[in-house]
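Comments concern the structure below.
Coordinate-derived values only; no laboratory data. None of these values were measured; they are calculated from a predicted model. So basically every Cβ, Gly included, is an ideal-geometry build from the backbone, and we count neighbours across all protein chains shown.
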Amino acid sequence: MTTRRQFLSNTALTGALFLVFNSRGQRALADSPSAALARLPVGEGSVAPYAFVSIARDGQVTIVAHRSEMGTGIRTTLPMALADELEADWARVTVSQAPGDEDTYGSQNTDGSHSLRDFLMPMRVAGASTRHLLITAAAAAWSVPRSEVTAEHHELAHAKSGRRAHYGEFAAAAVALPLPDVKDLKLKSEAEFRYLGKPVHAVDLNDVVHGAARYGIDGRMPGLRYAVVARPPVYGGHVVGVDSTAALKFTGVERVVRIPAPALPGGMRPLGGVAVVASNTWAAMQARDLLKIQWNDGIHAKHDSAAYAKRLMAEVRQPAKVVRHDGDVDAAFAKASQRVVAEYATPYLAHAPMEPPAAMAVVKNGSCEVWAAVQDPQTTRKELAAFLKLPIENVKVNVTLLGGGFGRKSKPDFVLEAAYIAREIGHPVKVTWSRTDELQHGYYHAIAAQRLEGSLDASGKVTGWLQRSAFPPIMSTFAPNTVYADGEELEMGMVDTPYVLPNARFENAPVPPGVRIGWFRSVCNIQHAFASGSFVDELAHAAKRDPREFVLELLGPDRHIPIEAGGFKRTNYGGTDAEFPFDTGRIRRTVERVTKEAGWGTPLPAGRGRGLAVHHSFLSTVAVVMDVSVSPQGELKIEQVDIGIDCGYVANPERVRAQLEGAVVMGVTLALRGEMTFKNGRAEQSNFHDFQLLGIHEVPRHVRVHLMPADLSVPSAGVGEPGVPPVAPALCNAIFAATGKRIRTLPIAGQLRA
């Protein structure tokens, strides 16, 4: 518990109201706040980092963003929530980025669609507490009852006497007051919100548009050297020998540094290799091509993705480990009037963020400081401390803007590279990955195969469901001999089905890895949603039913699905069952809304069709209707996309819309072209000419986003990840409706002309 004396001693340095709120919305400081301040520059009347909010003498409010910004808008939305409860003028608010510090900020791992659901309320409490203190300080100074003082739009006012003052005039007095108990706070009602629930421009928008935004790749400092790394071409390989004679002769090149390869599985450690250090990145890249390296390719030297895909499909054609079992599937199949069997395959995927990994590091005097575009600064800090064998308190991680992340920048191997090289040469170093580096040496989304079998009775109702899934699990990158998926991966669109299935069995086949597997936007929901979303459509057509009506019937009566069923207990994405119930009624309403908006059931011309898919993930539901046309020559055109989300309370509607629009573009890109292939352990794609994204002329012109209404009583759930999974199955279902051709293997490219 922070004492009044601690707060007074710290704020005396700045003359500002300096508050820290921990992840539960309670005020707290680091164990040694004076030492913490000593490590950081504190200017006249300025904010001291390690705080969520401070108010300078002139009234300027600084709010710290402790989550990483990669296009989701979280650097705007969370500070906006605090500012709203504070009754601050958004034009007088500055947002400052927090360094990695778990003790002060709670979790800063910006993935898994956790940010808003974990921190919206704490940030509101922080704002309301600050407002409470300011009102109390003003009432005391004016000798009036506290109940007569109001805070409105950055000012304190006493109506009876006509006195008014901006926040900065009472900041110093407010910080000396005891904290209010949370139960004594008066949080705003939804009707009183000034910013929440309203369209608010992102705080970095102007800088991004005008090229002034600073990303990890933009790092600069005096004495900086620039490095690129030649990494093993095969996962698990290592350097046998290197001739760097020609590279060292290249103009601007200063050093060549060997980076040790880790024992497998390597986790978040660098892959190893040879770094070229130069006075500029171009020189380092040119010299890297001159290195003559002899590699030992290691145990994955023969990895072939085509053969591997066949192995996965063979695995799902035979019984595997049962992970959930309801009823008697075999009996249901034996009695079925009709059985449907389908096999689905999805490839390895690369993250391909517009900004490849980059990091700048200084290592000296037993300490390390880095500047990097990372999603998880706290894990980065821990990994750096362990890798360099430094006390964690001697490591500081500064977070820049991220030019895309998608889970790639949760893994700080590139930051560790920069720090290692900086330590070895005794100078600040920036490591930059090229696009080829990013595609060929990253962490990949798992390749997968699935087999689904279903049975229908005479009336066309589903009586049995069997789903087998085979894919290399993420934990194979972190723990040896990991061949089965863990519970979280299995509940991402597989065993957590919302459908009423009287007889169902779900199985997982063992698969060893061939490359580094890592988190990717939406994670295993990508392959599971593609299979289940497509299979439901196949069952509907087999039953000669309208797919929309079939989905609604499968959802059954509105109910809350228990957290444990068929011997499997869901983690519920870390959310409690009480706060985030798995509510099929909300899924139903989302489907009904989106299909209505899309004009489901209205006639379409020949060669044109609509496809529906719905998926629940990260505690949100997303439904997609694709309207496509396919020419006789097999040319696909997406005429319109309707995408709807129920994510609980929508704190920042413009950012939710942007996320879903982006999810459509990413989902279509992955469905049409997304694929990484490997031969002799080596990635075959090297840049955007062979790992293609959608061109601007191919992006769907009409993407209509529909936000399901929810008030503050419905907590905010995930937005960043849930939009992607239903896109591919909706697209493939639409193609079937337009052409009668069923796509079961991604990517789609080339299949329509076959």
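A compact table of results
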{"quantity": "Taking N as its residue count, the alpha carbon Rg of region 46-187 over 2.2 N^0.38 Å", "calculated": "1.07"}
{"quantity": "Calculated FRET efficiency for the pair Lys310/His697, C-beta based, R₀ 41 Å, to 0.05", "calculated": "0.70"}
{"quantity": "Under 13 Å, Cβ to Cβ, from Met360 - net charge with Lys/Arg +1 and Asp/Glu -1", "calculated": "+2"}
{"quantity": "Sum of side-chain charges, Ala419 neighbourhood, beta-carbon under 14 Å (Lys, Arg +1; Asp, Glu -1)", "calculated": "+4"}
{"quantity": "Charge context of Val341, other residues only, Cβ under 13 angstrom, K/R +1, D/E -1", "calculated": "+3"}
{"quantity": "Ranked packing of 560-566, 172-178, most packed first, by mean Cβ within 10 Å", "calculated": "172-178, 560-566"}
{"quantity": "Pair Thr245, Asn481: separation of 7 Å Cα→Cβ label points (nm)", "calculated": "4.7 nm"}
{"quantity": "Distance in nm between pseudo-label sites at Lys679 and Asn365 (7 Å out along the Cβ direction from Cα)", "calculated": "5.4 nm"}
{"quantity": "The chain, helix-only ellipticity at 222 nm - DSSP H runs n ≥ 4, -39,500 (n - 2.57), divided by all residues, nearest 500", "calculated": "-8500 deg cm²/dmol"}
{"quantity": "Förster radius 35 Å - calculated FRET efficiency between His201 and Glu343, Cβ distance, rounded to 0.05", "calculated": "0.15"}
{"quantity": "Two-site FRET efficiency, Lys389 against Ile299, from Cβ-Cβ distance with R₀ of 22 Å, rounded to 0.05", "calculated": "0.20"}
{"quantity": "Given [x] 129, 68, 55; [y] 88, 61, 45; [z] 83, 73, 47, the label whose value is Cα extents along the principal axes in Å derived from this model", "calculated": "[z]"}
{"quantity": "Simple label model, 7 Å out from Cα along Cβ direction - Ala565 to Asp577, nm", "calculated": "1.2 nm"}
{"quantity": "Extended-chain gain in nm, criterion 0.36 nm per residue less alpha-carbon gap, Leu290 and Leu177", "calculated": "34.1 nm"}
